[in-house]
Structure formats: C-alpha cells, structure tokens
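A.B. asks: First, the structure itself, so that you have it in front of you.
The values are calculated or read from the model by the stated rules, or taken from the named source; none is laboratory data. Note that the structure is predicted; figures quoted are calculated from it, not measured. Virtual Cβ from ideal backbone geometry, glycine too; neighbours counted across all protein chains shown. These accessible areas exclude ligands, DNA and RNA; they are computed on the full protein's heavy atoms, side chains included. Shrake-Rupley method; radii C 1.70, N 1.55, O 1.52, S 1.80 Å.
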Amino acid sequence: MERRKFIKNAILSTGLLAIPSMRMSGYEAVKESAPTVHAPHQKYRRSIMWGTVGLEGTVLEKCQAIKAAGFDGIEPNSHMDRKEVLDAMQKTGLVASSVCCSTHWEKLLSSPDASIRQEGIDGMIVALEDAKAYGTDAVLLVPGKVDESVSYDECWDRSTECIKKLVPHAEKLKVKICIENVWNNFLLSPLEACRYIDQFNSSYVGSYFDCGNILVYGWPEQWIKILGNRAFRIHIKEFSKQIADSEGRWKGFGAKLTEGDVDWKNVMKSARNSYNGGWFTTEQGSSKTLDELIDLRTRLDKVLNM
C-alpha cells in the first residue's frame with residue numbers, strides 16, 4: 001500500500017481529521033514521508049503502553065492518533081474512566097492488550113505497613129476489574145521492592161501473601177496477574193522468577209517480561225526461553241549500555257528502539273519458540289506527536305519481523 005494512502009485511510013477511519021485540535025502542527029505527520037506499514041508475523045499484535053503516549057488531548061483523541069499510527073491496541077492504566085476508555089476503543093477499533101496497575105509503586109505489596117499493603121491489594125483488584133471490563137486477560141503488577149527498609153526475604157514473603165489473596169479474584173474474573181521485572185532489586189534471575197511464579201500454583205499468575213529492564217543484569221532472550229509459557233506478556237523497550245555508562249543508568253532508556261543493545265534478533269527467535277501471549281507492547285520513551293508514534297510503530301514492526 002502506498003504510504004500516503006495508508007496514512008490517509010487510517011486517519012479517516014478513526015475520525016482524526018474531524019477533530020479541530022488534531023489539525024494543528026503537532027499532528028502534521030500526515031505527510032507523504034510517512035512510512036509504509038509492514039505487517040508483523042500474523043500471530044503477533046502491536047500495542048503501546050498508555051503512560052508513554054505524550055500527546056495532548058482526550059482519551060479519544062489519543063486513541064485516534066494511536067490507531068492512525070498503525071497500532072492494534074493499547075495498555076491502559078488502571079483507575080481510568082472506564083466509560084471513556086471503552087468509548088474510545090469502540091470508536092477507533094483499538095483493543096486493550098492488557099492493563100497496567102497504577103497503584104503498585106505507591107502502595108507496594110512489600111510495604112512494612114499492613115494498611116498500605118491492603119491498599120495495594122485493593123488497587124490491584126480494581127485493575128483486574130478494569131481488565132475484565134476492557135476485554136483483556138492480563139494486568140501488569142510490580143510485586144514489591146527491596147531496599148534499606150525491606151529485606152529480600154521480607155519482600156518475597158509479603159508480596160507472596162498479598163498475591164495469594166489476589167489469585168481468587170484473578171481466577172474468578174479470568175484475568176491474569178503478570179509480574180513485571182523492574183529495577184526493584186527483586187527476582188534477579190529467571191530461575192528465581194520461575195520459582196516465585198510457580199509457588200502460586202495458578203495458571204493466572206505469570207510474568208510480564210520487559211526486554212529493556214533486564215539488560216543491566218541479564219539477557220532477555222535467555223529469560224524468555226526459561227520463563228516459557230509463564231511469560232503472559234512482553235514489553236518492547238530499548239536500552240543503551242553506552243549511554244547508561246556515560247550519562248547515568250536511567251538515561252540508557254533514551255535510546256530509540258533498535259538503536260540500543262537489546263539483541264532483538266535473538267529476542268524474537270526466543271519469543272517464536274517460547275512465547276504464546278500474542279501481544280508485544282512498546283514501553284518506549286514518550287511519543288508526543290503522530291510522527292513519533294508512526295516512527296515507533298515502524299521500529300516495532302522491524303523488531304517483530306526479525
């Protein structure tokens with residue numbers, strides 16, 4: 001399909017041109033230079049994490065831009081206005097790939113304070129209910145954090161206790177609890193992550209694997225292989241060791257997708273052999289224009305076709 005034709009059709013199909021604010025210069029990516037969509041492997045679908053969409057506008061306006069850029073779905077945050085999200089998805093044809101629990105950092109399940117842990121449980125229940133309402137079967141959860149006030153074993157025991165309380169809710173709703181590997185000083189090896197997941201003895205507890213987060217202490221292709229069918233979802237995120245070493249560790253995430261140190265070819269080889277979650281969701285930078293969304297989706301396609 002010709003580039004110009006694809007973008008024009010995508011914009012028209014989502015009603016983007018009908019919104020006055022979308023005619024502004026921030027959305028002038030509807031240009032002849034827009035890239036052609038190269039559909040990824042048919043078993044995979046492409047989504048974007050809501051928190052990385054930096055466009056200004058309503059939920060509907062953002063969804064229209066995401067759809068126009070060529071994504072198939074979104075990963076909404078929990079605790080959003082359900083009606084607004086459902087309406088935007090219905091009008092654009094986007095679907096929810098998963099939901100990201102929005103309370104897990106503030107209300108840690110590893111907190112020494114039992115009341116905070118309960119608030120974390122309550123927040124996760126809302127996230128599970130959001131996922132059910134949106135028609136998806138997965139919620140991203142950060143299980144806890146090890147630091148000077150919470151020891152490794154305490155984080156393990158407290159988060160385990162909390163997740164055990166969540167499992168009945170997940171099983172009833174048929175929505176999976178997907179534990180993400182983040183920089184929380186916890187679950188630092190794939191074998192340990194498998195052991196942590198397996199202790200729940202539930203098909204509704206698994207992993208939300210993040211390719212970029214792991215690069216400071218592991219290799220994503222190895223993790224994906226070892227996690228196997230425990231990996232319910234995968235985040236596509238780049239990381240540059242060179243930038244991290246020269247500018248600070250967090251700056252490593254500033255590398256554009258395919259321009260860092262993740263070995264995407266081997267990641268996809270491992271995913272094709274081990275991953276059955278269907279979705280690949282970008283958690284990459286903060287896309288503030290339609291141009292940037294299109295560029296990100298194009299880079300994602302490149303990864304998925306490796």
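A.B. asks: Does residue 139 satisfy the criteria of being surrounded by 20 or more Cβ atoms within 10 Å (Cβ to Cβ) and touching a residue at least 40 places away in the same chain (Cβ under 8 Å)?
C.D. replies: It is true that residue 139 is surrounded by 20 or more Cβ atoms within 10 Å (Cβ to Cβ) and touching a residue at least 40 places away in the same chain (Cβ under 8 Å).
A.B. asks: Shifting gears a bit: Of all residues in segment 248-258, how many are open to solvent by 60 Å² or more (accessible area, probe 1.4 Å), assigned to a loop (DSSP other than H, G, I, E, B) and among the hydrophobic types (A, V, I, L, M, F, W, C)?
C.D. replies: The total comes to 0.
A.B. asks: Out of curiosity, is residue 180 open to solvent by less than 50 Å² (accessible area, probe 1.4 Å) and out of contact with any helix residue (DSSP H, G or I) (no Cβ under 8 Å at 6 or more places or on another chain)?
C.D. replies: Taking the combined requirement at face value, the residue does not satisfy it.
Residues are listed down the side, and each one gets a yes or a no for (1) crowded, with 22+ Cβ neighbours inside 10 Å; (2) of a type in the set (Asp, Glu):
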site: 60; (1), (2): no, no
site: 64; (1), (2): yes, no
site: 72; (1), (2): no, yes
site: 75; (1), (2): yes, yes
site: 79; (1), (2): no, no
site: 85; (1), (2): yes, no
site: 96; (1), (2): yes, no
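A.B. asks: Could you list, ordered by first residue, the pairs with Cβ atoms under 7 Å in which the first is in segment 171-198 and assigned to a strand (DSSP E or B) and the second is open to solvent by 40 Å² or more (accessible area, probe 1.4 Å) and at pLDDT 95 or above, at least 6 apart or interchain?
C.D. replies: Here the result reads 176/137; 176/204; 177/204, each pair linking segment 171-198 to a residue that is open to solvent by 40 Å² or more (accessible area, probe 1.4 Å) and at pLDDT 95 or above.
A.B. asks: Filter segment 113-130 down to the residues that are surrounded by 14 or more Cβ atoms within 10 Å (Cβ to Cβ) and of a type in the set (D, E, K, R), then identify the one that is farthest from residue 72 (Cα to Cα).
C.D. replies: Only one residue fits best here, namely 117.
A.B. asks: Across segment 32-58, which residue is surrounded by the fewest Cβ atoms within 10 Å (Cβ to Cβ) among those that are more than 20 Å from residue 300 (Cβ to Cβ) and at pLDDT below 95?
C.D. replies: Once the filter is applied, the top-ranked residue is 32.
A.B. asks: A follow-up question, please. Select from segment 108-136 the residues that are part of a loop (DSSP other than H, G, I, E, B) and free of Cβ contacts under 8 Å to residues at least 24 places away in the same chain and list them in ascending order.
C.D. replies: Once the filter is applied, which keeps residues that are part of a loop (DSSP other than H, G, I, E, B) and free of Cβ contacts under 8 Å to residues at least 24 places away in the same chain, segment 108-136 yields only 113.
A.B. asks: Among residues belonging to segment 194-236 that are open to solvent by 10 Å² or more (accessible area, probe 1.4 Å) and touching a Ser or Thr at 6+ places or on another chain (Cβ under 6 Å), point out the one that is farthest from residue 259 (Cα to Cα).
C.D. replies: The qualifying residue farthest from residue 259 (Cα to Cα) is 230.
Here's the yes/no breakdown for (1) surrounded by 14 or more Cβ atoms within 10 Å (Cβ to Cβ); (2) at pLDDT below 95; (3) of a type outside the set (A, V, I, L, M, F, W, C):
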{"site": "93", "(1), (2), (3)": "no, no, yes"}
{"site": "103", "(1), (2), (3)": "yes, no, yes"}
{"site": "111", "(1), (2), (3)": "yes, no, yes"}
{"site": "133", "(1), (2), (3)": "yes, no, no"}
{"site": "148", "(1), (2), (3)": "no, no, yes"}
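A.B. asks: Still on this structure, I have one more. Quick check on my filter: what residues within segment 154-170 are closer than 14 Å to residue 122 by Cβ and of a type in the set (Asp, Glu)?
C.D. replies: none
A.B. asks: Name the one entry in 245, 295, 291, 261 that is out of contact with any Cys (no Cβ under 9 Å at 6 or more places or on another chain), open to solvent by 20 Å² or more (accessible area, probe 1.4 Å) and not in a helix (DSSP H, G or I).
C.D. replies: Going through 245, 295, 291, 261 in turn, the sole match is 261.
A.B. asks: Which residue pairs have Cβ atoms under 7 Å apart, sit 6 or more places apart or on different chains, and have a first residue in segment 283-306 that is small (Gly, Ala, Ser) and a second that is not in a loop (DSSP other than H, G, I, E, B)?
C.D. replies: Listed by first residue and then by second, the contacts come to 285/52; 286/52; 287/52; 287/53; 287/293; 287/296.
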